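Q: Have a look at this one before I ask anything.
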Amino acid sequence: MPVYFLVTEAGVPSISEGILWAILGIPVFAFLIIFGLRQRIPELTSGYISIGAIAATLVLSIVVLFNVIGADGGIAIHTHNWLSIGDFDFNLGVRVDGLTAIMLIVVTSVATLVQIYSQGYMHGDPGYRRYYAYMSLFATSMLGLVLADNLLMLFVFWELVGLSSYLLIGFWFHKPSAAAAAKKAFIVTRIGDLGLLAALLLIGTRASTFQIDAIHELVLAGTLAGTTLTLFGLGIFAGAVGKSAQFPLHVWLPDAMEGPTPVSALIHAATMVAAGVYLVARFFPIFEASPDAREVVAWVGAITVAIGALIALVQTDLKRVLAYSTISQLGYMMLALGVFGYGAAVFHLFTHAFFKALLFLGSGSVNHATNTFDMGKMGGLRHTMPITFITFLIGSLSLAGIFPLAGFFSKDEILAEAWIENRTLYGIAAIAAFLTALYMFRAIFLTFFGEYKGGEVVPEEDKNIHFDGIPSVPHESSRVMTIPLLILTIGAIGAGWLAFGRTFHEFVEAALPEPPHHVVPFSYGIAISSSVIALSGIATAWVIYQKKLIPASEIYKTAFPFARLFEHKFGFDWLYEKIFVTRVFQQSWNRLIEQFDTRVVDAVVNASGTIVLVFAQGVRVVQNGQVQLYGVVLGVGLIAIVIIVFIANPL
């Protein structure tokens with residue numbers, strides 16, 4: 001029987017445990033069917049199976065959401081003992097609260113729309129069935145991570161997310177760049193995962209539990225404190241740094257754009273990269289109680305905000321602009337968590353999922369029409385792709401933080417939290433808000449305004465990854481691609497209005513064992529100033545890239561050292577690849593590993609074989625096939641046993 005833990009004074013969600021396990025199990029079933037029967041089922045059927053499965057989980061997630069709303073938030077946990085070793089119990093369970101419900105909606109809604117969109121984008125690709133199988137596996141991994149009620153189970157699904165993202169990033173594995181990007185993402189995120197594994201081992205040895213609610217209770221009681229608490233928090237954050245592409249492990253995310261664009265929309269805008277933010281939010285009481293760990297979260301987030309925004313300014317690839325934008329926005333979320341802005345961070349995660357998925361899918365629509373992501377080969381597309389243009393414009397305005405779109409409300413809350421807690425962090429976030437508006441409208445003016453520059457001719461060997469042939473002129477995408485854009489636009493417009501009356505915040509804050517220490521009210525000063533900042537960024541982009549009153553080439557020449565620094569991504573890729581990988585790991589470190597392997601590992605293996613061989617040579621002389629000798633040995637053995645027994649137990 002399941003055990004129920006009620007750890008808040010709010011109402012208790014009464015959702016059936018079976019529904020929660022069904023949310024996890026349905027995409028597993030879809031993956032097994034598609035992957036197991038991929039050569040036997042029609043191509044389109046595999047897509048329908050995957051879409052039907054994720055749509056079913058969306059319906060069940062909506063049921064969970066309304067159930068939790070009806071209970072005014074609160075927490076319910078269903079856990080089962082899986083294995084006991086001494087006093088240590090390993091459990092399998094699911095947890096339901098406001099944070100879980102919101103994440104379920106984000107994952108399933110965006111995944112459903114992305115998979116519908118993929119029917120048009122991936123049409124004709126030879127790996128169509130494999131694509132939908134991987135999508136189902138990824139959905140399973142994310143849903144398991146969100147539902148897990150203990151750190152060990154969460155870690156298992158955390159690693160499955162890494163595996164499925166590796167498969168999707170390297171989906172076009174015949175392209176060397178895609179294969180390299182998949183390996184880079186897998187290795188870099190594993191570095192962060194070592195920190196999470198260390199945190200798991202630390203809490204297991206010091207607290208003898210992996211249960212999330214039990215860890216929270218130990219923190220509130222002061223049992224888990226001091227250095228142990230700080231190290232545990234930093235380990236948790238290290239895992240988040242890898243998955244959420246935070247400085248200095250942010251380098252994998254832009255390269256991951258080598259995967260199909262719907263993959264970028266799902267994994268690198270709304271779900272996988274949000275997993276790190278979710279992890280820190282889930283263990284928010286640890287960071288509240290550890291000022292040192294919280295400071296690290298805030299400053300790493302601020303550095304990431306600045307780095308992402310500055311590099312995005314000089315990108316010529318539309319999808320990479322969005323990739324660095326994602327890095328910057330994830331930095332905003334981490335910054336918010338570091339200044340006690342739990343509700344603001346989760347709210348921005350929620351709104352960002354819609355407008356960033358919209359932007360990525362919009363870039364895919366543009367690529368579908370022009371066969372390129374190079375903005376220098378685009379222009380004038382607003383006339384031939386009106387739906388894509390309007391939806392992309394709305395997504396960009398929301399990202400820039402323009403009232404009354406969703407991004408305005410969530411970003412303003414982060415700025416307000418930073419203003420109260422640390423003015424320096426506020427200054428960094430405000431400058432990045434200006435840069436966000438600038439680089440997004442630079443992308444819009446280069447892509448949708450001016451004259452069309454011809455797109456790109458696809459080489460013969462690459463035609464298998466372009467799905468409707470080579471268009472002679474740009475054209476609007478089919479309805480299967482534009483309808484998801486229109487639906488996501490609704491979220492990009494309306495999601496922010498949930499901020500009124502603190503409805504959203506009270507809902508997700510009920511997931512905490514106790515209310516946040518402080519609540520920052522809405523500030524008209526912050527709202528007005530942030531709007532002025534965003535509009536200034538848009539106006540600057542208009543002056544430079546649309547009216548061309550100040551030529552971009554002149555700005556580039558004037559700021560050449562900085563522009564080159566941004567183009568080279570602050571040298572992080574060079575540092576990691578040329579110094580650490582080539583010189584440290586492939587030379588010094590490799591030689592050390594080679595010597596250890598030869599002199600220690602091989603020596604132990606060879607010695608064990610030699611010992612067995614020598615023993616066998618000594619023993620085999622008695623194996624001569626003479627039954628009489630075997631009988632003598634057996635008799636002597638029995639007599640020896642009798643003598644030993646009598647000596648040990650004399651009469």
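Q: Efficiency by 1/(1 + (r/R0)^6): what FRET value for Phe66 and Glu451, r their Cβ-Cβ distance, R0 = 45 Å, to the nearest 0.05?
A: Details: r = 50 Å, r/R0 = 1.12.
Rounded to the nearest 0.05, the efficiency is 0.35.
Q: The list (i) 157, 73, 68; (ii) 88, 57, 49; (iii) 111, 63, 51 gives values of Cα extents along the principal axes in Å, and only one came from this structure; which label was calculated from it?
A: Working out Cα extents along the principal axes in Å from the coordinates points to (iii).
Q: Under 11 Å from a point 7 Å along the Cα-to-Cβ line of Phe580: which residues of segment 177-212 have their amide N that close?
A: Taking a point 7 Å out along Cα→Cβ of Phe580, the residues of segment 177-212 whose backbone N falls under 11 Å are 187-192.
Q: Measuring from a point 7 Å past the Cα of Ile483 along Cα-to-C-beta, which residues in segment 368-401 have an amide N at less than 17 Å?
A: 387-388
Q: At 222 nm, what value in deg cm²/dmol follows for the chain if DSSP H runs of at least 4 each add -39500 (n - 2.57) and the sum is divided by all its residues, to the nearest 500?
A: Numbers: 27 runs with 433 residues, N = 651.
Rounded to the nearest 500, it is -22000 deg cm²/dmol.
Q: Which value in nm describes the separation of the simple spin-label points at Arg564 and Leu549, placed 7 Å from the Cα toward the beta carbon?
A: Here the answer is 3.1 nm between the modelled labels.
Q: A follow-up question, please. Near Lys548, which aspartates and glutamates are there with a Cα under 16 Å away, not counting those fewer than 8 places off in the same chain?
A: Partners found: Glu451.
Q: Leaving out ligands, DNA and RNA, what percent of the accessible area of segment 76-220 is carbon and sulfur, probe 1.4 Å? Before the final figure, lay out the partial values.
A: Working: 3050 of 4420 Å².
Within segment 76-220, the accessible surface is 69 percent carbon and sulfur.
Q: At a 1.4 Å probe radius, carbon and sulfur cover how many percent of the accessible area of segment 250-305? Let's see the in-between values first.
A: Details: 460 of 780 Å².
Solvent-exposed carbon and sulfur of segment 250-305 make up 59 percent of the total.
Q: Quickly work out the Asn649-to-Thr424 label distance, labels modelled 7 Å from Cα along the C-beta direction, and quote it in nm with one decimal.
A: My value for the distance between the label points is 8.0 nm.
Q: What whole-number value in Å² describes the accessible area per residue of the chain for a 1.4 Å probe?
A: Working: 27000 Å² over 651 residues.
Result: 41 Å² per residue.
Q: Right, here's the next one. Ile431 to Val605: extension gain in nm, 0.36 nm per residue of separation minus the Cα-Cα distance?
A: Details: separation 174, 0.36 × 174 = 62.64 nm, distance 5.94 nm.
Stretched out fully, the Ile431 to Val605 stretch lengthens by 56.7 nm.
Q: Using the basic label-point model (7 angstrom from Cα toward the beta carbon), what is the Ile490 to Val612 distance in nanometres?
A: Between Ile490 and Val612, the simple spin-label model gives 6.5 nm.
Q: Sorting check: for 88-101, 403-416, 538-551, 475-488, which peptide has the highest mean count of neighbouring beta carbons within 10 Å, and how do the rest follow?
A: Ranking, from highest mean packing down: 403-416, 88-101, 475-488, 538-551.
Q: For Lys183, go through the lysines and keep the ones whose alpha-carbon is under 25 Å away, minus same-chain ones fewer than eight residues off.
A: By straight Cα distance, Lys183 reaches Lys175, Lys243, Lys319, Lys356, Lys463, Lys569, Lys578.
Q: Out of residues 5 or more away from Ser478 or on other chains, whose amide H comes under 5 Å of its own, with H placed 1.01 Å from N in the peptide plane?
A: For Ser478, no residues qualify.
Q: List the residues, sorted by chain then number, that are 5 or more residues from Trp82 or on another chain and whose placed amide H is less than 5 Å from its amide H.
A: Excluding prolines and chain starts, which carry no amide H, the hits are Phe90, Asn91, Leu92.
Q: Where in the chain are the DSSP H helices whose alpha-carbon span along the long axis reaches 27 Å or more and whose Kyte-Doolittle mean is at least 0.0?
A: Working: long enough: 17-36 (28 Å, 2.15); 43-70 (41 Å, 1.76); 98-121 (34 Å, 1.38); 128-147 (29 Å, 0.64); 176-207 (46 Å, 1.07); 291-312 (31 Å, 1.34); 318-338 (30 Å, 0.83); 342-370 (41 Å, 0.83); 423-448 (37 Å, 1.48); 627-648 (32 Å, 2.70).
Helices meeting the criterion: 17-36, 43-70, 98-121, 128-147, 176-207, 291-312, 318-338, 342-370, 423-448, 627-648.
Q: Rounded to the nearest percent, how much of the accessible area of segment 318-400 (1.4 Å probe, protein heavy atoms only) is carbon and sulfur? Walk me through the numbers before you get to the answer.
A: Numbers: 740 of 1100 Å².
Whole-percent figure for carbon plus sulfur exposure: 68.
Q: For Gln211, enumerate residues with amide H under 5 Å from its amide H, sequence gap 5+ or separate chain, H modeled in the peptide plane.
A: Residues meeting the criterion, in which the H sits 1.01 Å from N, are Leu151.
Q: I need the peptides 155-168, 16-29 ranked by packing, meaning the mean over residues of other C-beta atoms within 10 angstrom, with the highest value on top. Let's see the in-between values first.
A: Numbers: 155-168: 20.8, 16-29: 17.7.
Peptide ranking by packing, descending: 155-168, 16-29.
The values are calculated or read from the model by the stated rules, or taken from the named source; none is laboratory data. Nothing here was measured: the structure is a model prediction, and the numbers come from that model. Ideal geometry is used to build each Cβ from the backbone, glycine not excepted, and the neighbour counts take in all protein chains shown. These area figures cover heavy atoms from the full protein model, side chains too; ligands, DNA and RNA do not enter into them. Shrake-Rupley method; radii C 1.70, N 1.55, O 1.52, S 1.80 Å.
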